[in-house]
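See below for the structure under consideration.
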Amino acid sequence: MHLRAAYAHVRRRSNLAFALFGMTADQYVLLSVLAQSGEATQQELVRRCYSDTATIGTMLSLLEAKRLVTRTPHPRDGRALNVKLTHAGKSLAEEMRQSSSSVRVSLSALFNEQELRTLLEFLDRLAGAMQPPRRKSAESRSRTTSK
């Protein structure tokens, strides 16, 4: 419950900061990941945003309609799409980053440097331990069902 409470409060405060832009914290995370990487496939975004395929697909459709991202066929994988920020998307991501700095500063101010490093280490450990099990490939499923 402590983790849920902290997450809910941080998310609510972040959503308030991003509402000025007509955006959510989740959309900001997606824009930030793209701003850092330049481009990514939708599946890479699912992993890097700690989200699911349906949520990322819905957000990308919305951001594409707002002309903040573009999706183009992946050059080597015909099933995948490459996602990139448009110029407007890059500008918005930077504006949102600057605008939300007070949220990050107030969170960081709660801890000294060592505590913050420890907290991030613990959160990384928790996130790693709570990853959903990987899906079985079609080949391994067919082997299992044919036995």
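Just so you know, all these numbers are worked out from the coordinates, no wet-lab data involved. None of the values given here were measured: they were computed from a predicted structure. Reconstructed Cβ throughout: ideal geometry from the backbone, glycine too, with neighbour counts over all protein chains shown.
Spacing of the modelled spin labels on Leu81 and Thr118, each 7 Å from Cα toward Cβ, amounts to 4.5 nm.
From the helices alone, meaning DSSP H stretches of at least four residues, give me the mean residue ellipticity at 222 nm for the chain, per-run term -39500 (n - 2.57), in deg cm²/dmol to the nearest 500.
Numbers: 8 runs with 98 residues, N = 147.
Mean residue ellipticity at 222 nm (helix-derived): -21000 deg cm²/dmol.
For the range 2-99, relative contact order (Cα pairs under 8 Å, six or more residues apart, normalised by length) works out to 27 percent. Put a dot 7 Å past the Cα of Leu110, heading toward its Cβ, do the same for Arg97, and the two dots end up 2.3 nm apart. A crude spin-label estimate for the pair Arg125 and Ala88, with each label 7 Å from Cα along the Cβ direction, gives 4.5 nm. In terms of modelled amide H atoms, which long-range or inter-chain residues lie less than 5 Å from the amide H of Thr86? Correct list: Val69, Thr70. Fraction of C-alpha pairs exceeding 17 angstrom in the chain: 70 percent, rounded to a whole number. Dipole size of the range 2-99 about its Cα centre, with +1 on Lys/Arg Cβ and -1 on Asp/Glu Cβ: approximately 140 debye, rounded to the nearest 20.
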